[in-house]
Amino acid sequence: MGQSSGIKKTIPKPASVEPLTFALVKQRNVKLPVCPVMFIKLTEALENVDKGRNDLDKIIRTDPVLTAQVLRVCNSAFTGLARKVHSVEESIFRVGYREVWSIAAALKARELFEGSGEHTVLYQNLWEHSIKTAAYAHALSKRLNPLFSDIYFTAGLLHDIGKLVLCQAEPGYMKVCQSGRISGYDLVWAEMEAYENHHARIGGDLLRDWNFPELLAEVVALHHEPPAIHDRLNLTRCMLSLANEMAHCAEPDSGGKIRLPSDFAKELLEVLGQSIDTCVLVGGDAQRMLAMLNAV
Ligand SMILES: [Fe+2]
Ligand SMILES: [Fe+2]
């Protein structure tokens, strides 16, 4: 099977297997990812950016550990400050509201990917891919849909959260995803064969369970689906799918080579009316953001 492409072929439906729905996973009483309360507060602060400017300072200051972490990242070499900042308020003023918000959100999302035992490496790889996708989604949105760039950043951070659910619910999941060595369409295919469901849909259901905005849950649930012109979210969700593809392209494959843009990525670019030049510009923006977020 070729590298990541849209779901175009018929997904196999093994008659003997009961679909592994999110409801079924919940009934099993397994340890599901728990959304940090602070992450919810930060997401809520996005709803009103003007009010959020004040709120962000207050929200972060309620958590001394987070405050210290935000200051550490803001004072790292990557933000290029000539003088150190000593408070969240000063960080917002000198580094930027959106930058401080992204740093705080990434720091809290990181907690979700702290795996242990046999899951440690997979969780670490997933985190690295998720932060990359968040930076690409943010950069892409800044050029195509700037009002929603923070929402896309969040969607990028959480887009593969369904994989964490599958890891906890299914002891054989590590084998299905070959410890994270397969991704994109190939992985969705393997998941459908094994569970008659896949990580994107399960991730969307988890976000609904967390009471996250429906838009966020939907774009996450659909990030491996092919574009559909009649879908009201078509353009919105294609941006997250493209960010995911771009993040994969920027990562070496199992042979250590940088991947070429997949057919799915080319299809998404066409739907969004963009060319490969957009990818180059977005790639540059995303790399600058990642340099700062690497200190997270
Ligand atoms: Fe995915
Ligand atoms: Fe992904």
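The values are calculated or read from the model by the stated rules, or taken from the named source; none is laboratory data. Because the structure is a prediction, the values reported are computed rather than measured. As a convention, Cβ positions derive from the backbone with ideal geometry for all residues, glycine included, and neighbour counts pool all protein chains shown.
The table below gives the values:
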item	result
1 or more residues hydroxyl-bearing (S, T, Y) and within 16 Å of ligand 1 (Cβ to nearest atom): qualifying helices (runs of 4 or more DSSP H) within the range 79-159	120-144, 149-158
Filter result for A228 (under 23 Å from L126 (Cα atoms), more than 16 Å from ligand 2 (Cβ to nearest atom) and more than 19 Å from the chain's Cα centre (by Cα))	no
Selected residue (criterion: nearest to the chain's Cα centre (by Cα)) from residues of the range 177-190 that are away from ligand 2 (no atom under 14 Å from the Cβ) and closer than 18 Å to Q124 by Cα	S179
Set L207, L215: member being away from ligand 1 (no atom under 13 Å from the Cβ), more than 17 Å from E245 (Cβ to Cβ) and crowded, with 24+ Cβ neighbours inside 10 Å	L207
So E193, is it assigned to a helix (DSSP H, G or I), crowded, with 17+ Cβ neighbours inside 10 Å and away from ligand 2 (no atom under 15 Å from the Cβ)	no
Residue identified as of a type in the set (A, V, I, L, M), in a helix (DSSP H, G or I) and farther than 30 Å from L32 by Cβ among V282, V220	V282
Which listed residue is away from ligand 2 (no atom under 13 Å from the Cβ), at negative phi and crowded, with 18+ Cβ neighbours inside 10 Å, from L140, L164, L147	L140
The one condition in (1) among the β-branched types (V, I, T); (2) touching a helix residue (DSSP H, G or I) at 6+ places or on another chain (Cβ under 6 Å); (3) surrounded by fewer than 19 Cβ atoms within 10 Å (Cβ to Cβ) that V282 fails to fulfil	(3)
So R288, is it at pLDDT below 90, in a helix (DSSP H, G or I) and among the charged types (D, E, K, R)	yes
Test: R259 is over 25 Å from Q168 (Cα atoms), modelled with pLDDT of 90 or more and crowded, with 17+ Cβ neighbours inside 10 Å	no
